[in-house]
1. When you scan segment 290-300, do you find a residue that is modelled with pLDDT of 95 or more and in contact with an Asp or Glu (Cβ under 7 Å, 6 or more places away or on another chain), even just one?
2. Can you tell me which of (1) crowded, with 18+ Cβ neighbours inside 10 Å; (2) within 19 Å of the chain's Cα centre (by Cα) is the one residue 242 doesn't meet?
3. Quick one: count up the residues across segment 117-161 that are touching a residue at least 24 places away in the same chain (Cβ under 8 Å), of a type outside the set (S, T, N, Q) and in a loop (DSSP other than H, G, I, E, B).
4. Is it true that some residue in segment 114-129 is more than 13 Å from the chain's Cα centre (by Cα), at pLDDT 95 or above and among the aliphatic types (A, V, I, L, M)?
5. Among the residues of segment 245-257, what is the count of those that are modelled with pLDDT under 95 and surrounded by 17 or more Cβ atoms within 10 Å (Cβ to Cβ)?
6. In segment 130-183, which residue that is more than 22 Å from residue 213 (Cβ to Cβ) and hydroxyl-bearing (Ser, Thr, Tyr) is surrounded by the fewest Cβ atoms within 10 Å (Cβ to Cβ)?
7. Given the criterion farther than 17 Å from residue 128 by Cβ, out of contact with any helix residue (DSSP H, G or I) (no Cβ under 8 Å at 6 or more places or on another chain) and of a type outside the set (S, T, N, Q), identify the matching residue among 262, 324, 336.
8. Checking the structure you have, find out if any residue of segment 42-52 is of a type in the set (Ser, Thr, Tyr), surrounded by 14 or more Cβ atoms within 10 Å (Cβ to Cβ) and more than 29 Å from residue 316 (Cβ to Cβ).
Amino acid sequence: MHNYKKLALIVASALALPVAAHADVTLYGFVSAGVESLKTETTAGVNKTLTRVTDNTSRIGFKGNEDLGNGLKAVWQVEQSFQADGTSDLSTGTFGTRNTFVGLQGGFGTALLGHYDSAYKRLTDVGLNLMGDTAADVQGSSNIYSRRETRLKNSVHYTSPSFSGFQAGISYGADEDSAKSADFISLGANYTNGGLKVGAGYDVEGDKISATVNDRKAYKAAASYKFGFGTFLGAGFEQVKVDSVTAADTTQNDWLVAAGQDIGALQLVASYGKLGKLKGHATPDTAKAKQWVVGANYNLSKRTQLKAFATKVENESGASVRVDTLASTGFAAGTDQTVYGLGLKHSF
């Protein structure tokens, strides 16, 4: 019996060797879900109210690196979304639907290949999305602010080292469609000094996106400051221009202001954002929208957090700004939405 125990110990030790050899591999992510009351009202005055349990962009990821010597590292990451509420996966059904890449990192900076957030998105984020990853998320293509940020498929990225708080980056996303030309070029830069964060970015998509659109360009600037006594203040501005083939070119601005206050383990937050008129359109004011958010985050521990929020989106008849994770409730252009939510998030 003693020999069997010794053999079992040897086998267990051998199996543990690969784990030790790859100790730099990290499992990470979070599981987040909530209970919400959602009310929608269409331009025709049709009201619907829905109570739901919803996933709040839960995800799991694996990342690691290998030291190649002389200050050079190989870096990689695979990240995947999943639905904590049991809803069918909203992704394409493939693995690695979120930031997934392989690359090299060294004194020159970081170079990556894969599916990754654009430099415009990454380097202009100064922390204004205070209730992010909930229905009160304010940033993204269908949201009130930072509407041209994106995660680029088939992309190459370079990010510089930090020079006295300054960092810059560039992203290129290949369209890979011979029927059109919609390649992405994305530039971003930021500066960090203590509680101060400043970011600026520029994006251009395509020189012939479709039969009706030549290209889209976006400009963004944002800044925030976190005081030592826990007060957070920030603001951001974005302008998007569309060069049309036959119709008039259009320009639309969006902006957001945000504030927060830490009180021990509690953080109180609020923001207000607005999407402006669509200049160049026949009815520019119909594209306007606005959203307010109030909320609270309470840290039960370093990894577990309670969330509570209220938000309202008001759309003019031609605007389609939505709250994140909007359920199928007859949503159409001009629909107003109000959400009250409670949630729990655990990071690992």
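1. Yes, the conditions are met somewhere in segment 290-300.
2. (2)
3. 17
4. Taking segment 114-129 as the starting set, the residues that turn out to be more than 13 Å from the chain's Cα centre (by Cα) are 114-115.
Adding the requirement that they be at pLDDT 95 or above leaves 114-115.
Then keep just the ones that are among the aliphatic types (A, V, I, L, M); that gives none.
No, every residue in segment 114-129 fails to be more than 13 Å from the chain's Cα centre (by Cα), at pLDDT 95 or above and among the aliphatic types (A, V, I, L, M).
5. Adding up the residues that qualify gives 0.
6. Here is the first cut: in segment 130-183, the ones more than 22 Å from residue 213 (Cβ to Cβ) are 130-139, 144-145, 156-170.
With hydroxyl-bearing (Ser, Thr, Tyr) added as a condition, the list becomes 134, 145, 158-160, 162, 164.
Details: 134: 27, 145: 27, 158: 16, 159: 20, 160: 15, 162: 13, 164: 8.
Here the answer is 164.
7. Answer to the selection: 336.
8. Restricting attention to segment 42-52, the residues satisfying the condition of being of a type in the set (Ser, Thr, Tyr) are 42-43, 49, 51.
Among the residues that remain, those that are also surrounded by 14 or more Cβ atoms within 10 Å (Cβ to Cβ) are: 42-43.
Among the residues that remain, those that are also more than 29 Å from residue 316 (Cβ to Cβ) are: none.
No: segment 42-52 contains no residue that is of a type in the set (Ser, Thr, Tyr), surrounded by 14 or more Cβ atoms within 10 Å (Cβ to Cβ) and more than 29 Å from residue 316 (Cβ to Cβ).
The values are calculated or read from the model by the stated rules, or taken from the named source; none is laboratory data. The model shown is predicted, which means the values in this text are computed figures rather than measured ones. Reconstructed Cβ throughout: ideal geometry from the backbone, glycine too, with neighbour counts over all protein chains shown.
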